[in-house]
1. Under a straight-distance cross-link criterion of Cα-Cα below 29 Å, which lysines are reachable from residue B:9, leaving out those fewer than 8 residues away in the same chain?
2. Residue farthest toward the positive end of the dipole of the protein assembly as shown, with Cβ of Lys/Arg at +1 and Asp/Glu at -1: which of B:130, B:192, B:113?
3. Springs between alpha-carbon pairs under 10 angstrom, Gaussian network model over chain A: which of A:189, A:399, A:123 fluctuates most?
4. First check a/c for the range A:1-153, with a ≥ b ≥ c the square roots of the eigenvalues of its C-alpha gyration tensor; if it is under 1.5, answer rounded, and if not, answer prolate when a/b is larger than b/c or oblate otherwise.
5. If each DSSP helix of 4+ residues adds -39,500 (n - 2.57) and the sum is divided by the residues in chain A, what number results at 222 nm, nearest 500 deg cm²/dmol?
6. With a cut-off of 8 Å between alpha carbons and a minimum separation of six or more residues, what is the relative contact order of the range A:295-393 in percent?
7. Once you wrap a convex hull around the alpha carbon atoms of the range B:2-225, what is its projected area averaged over all directions, in nm²?
8. Compute the separation of the alpha-carbon centres of the range A:273-305 and the range B:90-157 and state it in Å as a whole number.
Amino acid sequence: MKNIFKIAYRNLLRNHRRTLLTASLITLGVVFVLVYTALSGSFKNYMIGQITDSSMGHIQIHKKGFVASVENLPLDKNLNGQSLEYIEKFLNNSKYIENYSYRIKFGGMFSNFTSTTNIRLNAINPDKEFITLPTLKDRVNNFSGKLEKGEIIVPDIISKGMEVKTGDTVVLVANNKTGSVNGINLKIAGEVERISGPGGRDGYIHIEDAKKVLRIKGVEVSEIVIRLKDVNMLEDAMKELNPILSKLNKKDKPAFEIHTWKQLSPFFNIVKMLDVMNISIQIILISIVLISILNVMIMSVYERIKEIGTIAAMGTPPKTIVKLFLMEGLLLGILGAVLGAILSILIVQGLDLMQITYSFGRESGLILEPVLALKDVFVVGVIVIIISLIASISPAIKASRLDPVEALRTN
Amino acid sequence: MIDVKNLKKIYKVGELDLTVIDDFSLTIGKGEFISLIGPSGSGKSTVLNMLGCLDTPTSGSLIINDQDISSLNKTQQANFRGEHIGFIFQSFNLIPVLTVYENIEYPLIMIQNLPEDERKKRIEKLLHEVGMYEQKDKTPDKISGGQMQRVAIARALVTNPKIVFADEPTANLDSATAHKIIELMKKIQKEHNTTFVFATHDEKIVAHVDRLITLVDGKIVEDKRIR
């Protein structure tokens with residue numbers, strides 16, 4: 001094998017310009033795929049991180065039918081104390097769950113004493129919520145870090161529109177589930193920046209204030225937000241929580257519903273689109289490698305027909321001739337893949353250092369932090385090398401099947 | 001050594017069957033220095049290719065070293081050539097990316113798979129014999145035509161073949177160099193008792209051979225022993 005490698009290597013050097021050109025083409029393709037993967041991955045991870053860590057959590061549990069009517073923020077589809085006791089048993093015994101938090105979601109009227117607007121709110125237990133959503137605090141401006149009873153975190157879109165700021169007193173008016181109206185004075189504790197996805201423009205108040213304004217007696221929550229130890233455990237955690245659905249309601253249907261962030265957030269469709277684009281770019285790379293290696297190897301066989309005839313006449317078995325040409329294709333693929341990987345790592349590091357900012361929807365000033373996973377480099381490298389080998393098979397077989405007499409006659 | 005009986009070779013040209021060799025019978029003994037001569041198209045190269053196991057006869061029997069080679073498949077033919085036969089070509093056919101030493105080494109590593117010390121011993125001995133030891137690290141583009149043919153002879157002999165086939169080995173050489181090459185082959189034939197079979201027009205080779213076989217239209221018209 002060492003000698004086959006040596007001869008293949010020297011054959012590549014024989015036409016070094018063509019070898020470099022082909023390897024450059026493969027390198028370019030590899031760079032294109034890896035840099036795109038790093039950039040789209042950065043965007044994807046940032047958005048997923050923001051959605052799951054500061055708004056939605058990884059999994060949410062509701063009473064059956066809540067998600068379908070979430071736009072109306074129904075108060076008659078809340079989980080009661082008995083239901084929570086049942087679900088908590090599963091949550092507390094889970095090996096995948098890091099934390100969970102209860103929320104009451106409701107809508108109301110927000111007034112600064114001169115004008116009034118609609119507001120959507122999450123009533124939370126601040127201690128539990130800030131652990132379950134560790135970057136929620138980062139979205140809140142002018143915030144002391146604590147949400148006390150009697151305070152409200154206002155969506156920045158409302159604070160700007162209503163010209164209120166942290167420390168101001170406002171009035172919140174809401175209907176309870178029987179339709180009676182109640183109001184409460186609250187002090188603004190901070191202004192929360194909006195993010196993409198459901199609930200991304202909601203304000204926050206203490207759960208005890210919500211109970212007061214909605215006149216809730218006992219325990220009632222709209223949703224349970226769950227944070228996993230690792231977002232990659234999503235499928236396993238869903239399997240583990242599945243028995244929760246075995247509890248049936250009066251209509252003999254599951255009493256609860258469990259959704260992952262992927263099912264709840266429209267951003268997951270963008271993630272899927274990015275993944276499809278990634279696959280498309282990989283297919284383009286495969287085509288580049290396949291065509292360029294096939295082209296070079298076919299040329300290589302035609303240029304060396306007499307030489308192939310000579311080594312065949314000397315007694316080189318057809319199998320060895322196949323190996324010689326496969327090795328050439330393989331070396332070209334490896335050269336392109338290695339150069340491409342090195343160049344991609346350098347470009348990605350450069351982009352990371354440049355701290356490029358971008359906007360997505362109404363969010364601006366997002367910093368691009370591309371990271372190239374070794375797994376991606378490995379996968380792309382292996383794809384390139386396998387395709388190089390596949391592209392070399394046909395020319396190699398053609399070379400091995402040449403008739404030595406005919407080949408020796410060629411000039 | 002070589003026993004050929006009623007050899008026939010028919011090529012298909014379009015729908016026509018063209019008989020190139022017909023009823024060709026010949027026996028060649030060990031250590032003979034033979035030349036096939038004849039006008040162009042007489043079938044010299046075709047006979048050489050069939051004797052050299054590069055081409056398969058349409059019919060007839062071809063026995064080399066007590067082995068019937070007329071019915072071998074491609075891989076078996078390749079293995080047989082690698083073990084028993086050496087070739088010298090008109091245009092030397094050295095592998096351009098390998099040095100003189102590596103060109104001679106090629107059949108030993110790619111075909112016979114000999115250990116390195118054994119390879120080195122054989123190659124250095126042959127390099128001295130053909131007078132190319134000093135040039136052993138040069139690539140073919142750095143040596144002359146005569147030197148290339150010396151390397152090709154060494155490459156043909158390195159596997160210790162019983163028979164060497166040479167198709168117009170001096171055609172691309174000047175007269176003085178051709179003489180030296182013929183003398184070198186003659187010397188090797190005597191020292192190694194190797195059979196040399198030439199297909200040539202070259203009078204210089206004809207003047208040195210022990211036996212002259214004249215072909216016309218694919219048939220032997222004269223088989224003359226000179227020495």
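1. Partners within reach: A:306, A:319, A:398, B:30, B:44, B:74, B:162, B:219, B:224.
2. B:113
3. A:399
4. Here the range A:1-153 falls in the prolate category.
5. Only helices count here, giving -17000 deg cm²/dmol.
6. Once divided by the residue count of the range A:295-393, the mean separation gives 34 percent.
7. 12.5 nm²
8. With the range A:273-305 and the range B:90-157 each reduced to a Cα centre, they are spaced 38 Å.
Bear in mind these aren't lab numbers, they're just calculated from the coordinates by the rules spelled out. Since the model is a prediction, treat every value here as computed from it, not as a measurement. Please note: Cβ atoms are built from the backbone with ideal geometry, for glycine as well, and neighbour counts cover all protein chains shown.
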